[in-house]
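Novice: Here it is: the structure, laid out below.
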Amino acid sequence: MKNFIAELLVKLAEKEDEANALRIQVDALEIVVTTLLQHMKQEAAAALDSDITATLNKLEPSQKTADHNSELLYNHVKRLFLSPKD
């Protein structure tokens, strides 16, 4: 039984490491995309925002079956465009 619990703990630690690596990759991509958006001209950024919103709206399920993941995706994309421009 102890071996089984030890194996489960090792697998759990491995999964946590994988999740952390993915989170770091996503954070890095967010920094890159945000920086690129900050360097875009206002008109180009607005057009891109509009195109992305249209694409996300096409992907959204109907209001009755809207799931939490779609909402999170939409909110995270919108946050990229709301980053402060220095």
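The values are calculated or read from the model by the stated rules, or taken from the named source; none is laboratory data. Computed from a predicted model, the values in this text were never measured in an experiment. In case anyone asks, the SASA skips ligands and DNA or RNA and just uses the protein heavy atoms, side chains included. Shrake-Rupley method; radii C 1.70, N 1.55, O 1.52, S 1.80 Å.
Novice: Can you tell me which of ALA44, ALA28 is at pLDDT below 95, more than 16 Å from the chain's Cα centre (by Cα) and open to solvent by less than 90 Å² (accessible area, probe 1.4 Å)?
Specialist: ALA44
Novice: When only residues in the range 53-71 that are open to solvent by less than 70 Å² (accessible area, probe 1.4 Å) and not in a loop (DSSP other than H, G, I, E, B) count, which is modelled with the highest pLDDT?
Specialist: ALA54
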